[in-house]
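Q: Let me begin by handing over the structure; questions about it come next.
The values are calculated or read from the model by the stated rules, or taken from the named source; none is laboratory data. Note that the coordinates shown come from a computational prediction; the quantities given were computed from them, not determined experimentally. Don't worry about glycine lacking a Cβ; one is built from the backbone with ideal geometry, like all the others, and counts go over all protein chains shown.
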Amino acid sequence: MKIALISHHFPPNFRGGAEQYAYRIAQGLRRQGHNVEVVCVESITSGMLTPTAKTDTFDGLTIHRLFYDLAQAPNRFEWSFRHPELGCWVKNFLQQTRPDVVHINSGYILGGKVIEAARELNLPTVLTLHDYWFLCPQITLLRQDGHICHQPVSPARCVWCAISEKRRYRLIDTQLNGKIGDAFSRLSQADWFSQLLGLQPRLELMAERRAYLKRVLEEIDIVISPSRFLIDKVEEYGFKPRQMVYLPFGIDTAHLAAPPAAAAAPKKLRIGYLGQLVPHKGVHLLLDAFKMLARQPGACELILHGKISEATAYERQLLKMGEADPDITFAGPYPNTEVGRVLNELDVIVVPSIWYENRPTVIIEAMATRTPAVVARLGGMAELVKHNHNGLLFDSGNVSSLAAQLQRLLNEPTLLAQLRQNIPPIPKAEDELNTIVSLYQSLVKQTV
């Protein structure tokens, strides 16, 4: 088959979980003999508003990398979810290449016009969801005040999230535990309030975003979700895709290896974190929890893997939190090919995220190396880890709860081995790919 894989980003400059998924699927299709061309957005701050493409070859794949400057849009927010120029470029590309199937990876940055382009040409479409972008402009369902939107909210609440991106509003709202945002959402229902502040255009556009993306998502032939939690959220918001398929991510274990069975036990407990060092990942909670542990000198260490500098206030905060403790190490980033080595040098990983993680790749990779995980009892993370069986759960956002679970690993000498023994087999990348190819084939048959 001829497949057009359209992704928000793609390696080598972008290597998050969603980008690695796109790379893995593209390479797997190529190895099976399918003709794959990748389209991705390389930059939204370069060139003109109309996208320009640079085509190159990366690891045997043909990649069309798009560059445009979203800041030049008449309305940046609207064009972030409905970029007509991007839609035109994709439509022209699809007209020229005429793929059998268009597989769209995420919606973030791409927006609805890319999906519409494929549908206007009557091309079979598949979309893989990785987050909550269709439901939430913030992508994470995490408000600026640090609280999660546990239930669907009004467009006015989303407008307040956009307003409180400005520090002066965010700080006040956070100090008042989100009460300003709640009041804003209620008052925005009154015409006098929205007219007084000139809010009506923003409120209408936010409502239009949700309605538009709902229509677009429901036009796609097959929507793939790697977690059941994400499926439930999509349905809770009233989105009704034609066909929604639960398909857990598979893993290529070629770069992973479990530690030798006869390896000597380390003298200290090695606790690790792998990933972005950003607020919604909850790294500050892990640092606070580690400091709370009742530990003898040299009994344990915390190793944080991820790119860090003093570029942001949050990064500076993390560095300051760790600077006085000799048992805390910021180990920096690592190439994806080295993840097996990194995990094999740890006894347990912690995923302290404060947002609804979908199906974090790092947990799957840890399981592949039989490394237990301590994760927040939240979102798709709780689907992967069964408390006291193959890992440990703690209450999301609760430092004391996290510290208590880590303390158990210090106090209960056999716990780590018990958890490791119960880690189940993980889905294989080739099985995931074969299922995707079967979905493609089912759509192609319908169009013949």
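Q: Answer yes or no: is there a residue in region 45-53 that is of a type outside the set (S, T, N, Q), modelled with pLDDT of 95 or more and in a strand (DSSP E or B).
A: yes
Q: Which of the residues that make up region 327-364 are farther than 23 Å from Gln405 by Cβ, more than 19 Å from the chain's Cα centre (by Cα) and not charged (D, E, K, R)?
A: Scanning region 327-364 gives Gly332, Thr337, Gly340.
Q: How many residues are surrounded by fewer than 20 Cβ atoms within 10 Å (Cβ to Cβ) and not hydrophobic (A, V, I, L, M, F, W, C) when one looks only at region 211-236?
A: The qualifying residues number 9.
Q: Something else now. Have a look at Gln446, Gln407 and point out the one that is touching a residue at least 60 places away in the same chain (Cβ under 8 Å) and within 30 Å of Asn122 (Cα to Cα).
A: Being touching a residue at least 60 places away in the same chain (Cβ under 8 Å) and within 30 Å of Asn122 (Cα to Cα) holds for just one of Gln446, Gln407, which is Gln446.
Q: Let me ask something else. Name the residue, out of Cys158, Cys149, that is surrounded by 14 or more Cβ atoms within 10 Å (Cβ to Cβ), in contact (Cβ under 8 Å) with a residue 40 or more places away in the chain, within 22 Å of His280 (Cβ to Cβ) and not β-branched (Val, Ile, Thr).
A: After applying the criteria, what remains is Cys158.
Q: Another question about this same structure. Does any residue of region 60-69 turn out to be among the acidic types (Asp, Glu) and in a strand (DSSP E or B)?
A: Within region 60-69, one or more residues are among the acidic types (Asp, Glu) and in a strand (DSSP E or B).
Q: Grab the helices (runs of 4 or more DSSP H) fully contained in region 82-194, keeping just those with 3 or more residues being modelled with pLDDT under 95 and small (Gly, Ala, Ser).
A: 179-187
Yes or no, residue by residue, for (1) surrounded by fewer than 20 Cβ atoms within 10 Å (Cβ to Cβ); (2) in contact with a Pro (Cβ under 9 Å, 6 or more places away or on another chain):
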position	(1), (2)
Lys268	yes, no
Gln276	yes, no
Val283	no, yes
Ala294	yes, no
His305	no, yes
Glu315	yes, no
Asn344	yes, yes
Ile349	no, yes
Ile364	no, yes
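Q: Answer yes or no as to whether Thr140 is surrounded by fewer than 23 Cβ atoms within 10 Å (Cβ to Cβ), among the β-branched types (Val, Ile, Thr) and either out of contact with any Lys or Arg (no Cβ under 8 Å at 6 or more places or on another chain) or farther than 22 Å from Pro279 by Cα (or both).
A: yes
Q: Restricting to region 163-191, name every residue that is under 13 Å from Pro137 (Cα atoms) and exposed (fewer than 15 other Cβ atoms within 10 Å of the Cβ).
A: Once the filter is applied, which keeps residues that are under 13 Å from Pro137 (Cα atoms) and exposed (fewer than 15 other Cβ atoms within 10 Å of the Cβ), region 163-191 yields only Glu165.
Q: While we're looking at this one, here's another question. Could you identify the single residue in Gln296, Gln317 that is more than 27 Å from Thr369 (Cα to Cα) and touching a His at 6+ places or on another chain (Cβ under 8 Å)?
A: Among Gln296, Gln317, only Gln317 is more than 27 Å from Thr369 (Cα to Cα) and touching a His at 6+ places or on another chain (Cβ under 8 Å).
Q: Moving on to the next point. For residues that are in contact with a His (Cβ under 9 Å, 6 or more places away or on another chain) and more than 15 Å from His387 (Cα to Cα), scanning just region 406-448, find the one that is surrounded by the most Cβ atoms within 10 Å (Cβ to Cβ).
A: Within region 406-448, the match that is surrounded by the most Cβ atoms within 10 Å (Cβ to Cβ) is Ile436.
Q: Let me ask something else about it. Evaluate region 268-287: report whether one residue or more is among the charged types (D, E, K, R) and at pLDDT below 90.
A: Within region 268-287, none of the residues are among the charged types (D, E, K, R) and at pLDDT below 90.
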